[in-house]
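Shown next, in structure tokens, is the structure this report addresses.
The values are calculated or read from the model by the stated rules, or taken from the named source; none is laboratory data. Note that the structure is a prediction, hence the values are computed from the model and not measured. Heads up, the Cβs are rebuilt from the backbone with ideal geometry, glycines too, and the neighbour counts pull from every protein chain shown.
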Amino acid sequence: MLAVDGLVKRRGGRDVLRGVQFAVEAGEIVGLLGANGTGKSTIVSIIAELLPADAGSVMLGAGLPTRTRRTALGVATQEIALYPTLTCEENIRFFARLHGLHGARLRTRVARVIEAMGLGTYRQTRVEALSGGWQRRLHLAVALVHEPAVLLLDEPTVGLDVEARGLVWGQIRSLSAQGSAVLLTTHLIEEAEALCDRVMILAQGRVAAQGTVEQLRQLVPAVQLAAVVCDDDDGLRRHAEALGIAVRDYADRSTLLLREHTSIDALAGQFREVGLQSVTLAPVSLLAVYLEVCNRGPT
């Protein structure tokens with residue numbers, strides 16, 4: 001449904017994107033995970049034809065003409081793009097018409113997206129009177145109203161509370177179930193884990209790794225992680241090395257990469273001499289994968 005091939009973008013003498021390549025199939029939710037400034041928003045802007053690429057191509061559908069492509073595409077950028085003096089309902093109706101909705105379908109879709117995003121109380125309220133969080137809900141409603149074949153979401157839940165985030169996630173899942181291809185950028189690990197069928201990790205302008213969360217976990221040489229606090233970090237590393245156990249700094253915690261499942265008591269016995277203060281055992285997380293990939297860089 002969406003194919004990106006060899007995207008290159010240069011800005012200020014720096015390569016922001018260096019041959020980015022991926023595809024998103026119909027009914028699939030794919031997350032693009034990366035730190036701020038890694039080029040996530042640039043990719044969305046190029047796909048949405050808001051920014052030209054220096055090289056590479058974007059294919060939407062089976063070579064759809066430009067007019068049909070724009071109707072098939074839904075885009076929610078990081079920057080909220082609404083008419084401040086229009087009401088919520090007027091904004092949704094306006095953008096729905098731009099996407100070709102009219103008549104009964106227009107009325108039905110406007111009503112449904114207002115309900116789905118919890119905007120009923122504010123449907124006749126001007127945008128300029130809404131808080132940032134409610135403007136974000138409306139901004140997403142505008143992108144969803146025409147049930148696009150391809151949906152691009154750039155940090156869709158920034159600034160939203162837990163309730164609003166749940167509504168957004170529900171709408172994304174619903175569109176995916178109907179066959180839409182969804183590409184979302186995020187820096188929230190839990191969002192990628194909760195929503196995405198596949199995750200791509202962007203580092204140094206390239207897709208450094210991609211796959212299902214389970215496939216990505218295989219990039220960390222461990223079956224279990226042990227985050228530890230001890231009296232002697234250098235001693236911990238030396239002792240771990242002697243035992244053949246790798247150590248990483250994940251989120252400012254010394255973390256042991258265990259190749260076999262173990263217990264806290266067994267681990268405390270193995271590392272008694274370094275003065276363990278606390279041990280937390282956990283499965284390999286997407287955060288660990290992200291840090292592992294970003295530290296090694298693209299392959």
- Message: For the range 53-143, give me every one of the helices (runs of 4 or more DSSP H) that falls completely inside it and has 2 or more residues that are under 24 Å from VAL158 (Cβ atoms) and either touching an Asp or Glu at 6+ places or on another chain (Cβ under 8 Å) or in contact (Cβ under 8 Å) with a residue 24 or more places away in the chain (or both).
- Response: 88-98, 103-116
- Looking at ARG165, is it touching a Ser or Thr at 6+ places or on another chain (Cβ under 9 Å), surrounded by 15 or more Cβ atoms within 10 Å (Cβ to Cβ) and within 20 Å of ARG136 (Cα to Cα)? yes
- Name the residue, out of GLY159, GLY205, GLY235, GLY166, that is in contact with a Gly (Cβ under 7 Å, 6 or more places away or on another chain) and over 28 Å from VAL4 (Cα atoms). GLY159
- Among the numbered conditions (1) surrounded by fewer than 21 Cβ atoms within 10 Å (Cβ to Cβ); (2) touching a strand residue (DSSP E or B) at 6+ places or on another chain (Cβ under 6 Å), tell me where ALA76 comes up short. (1)
- From VAL279, VAL293, residue being among the β-branched types (Val, Ile, Thr), modelled with pLDDT under 95 and not in a strand (DSSP E or B): VAL293
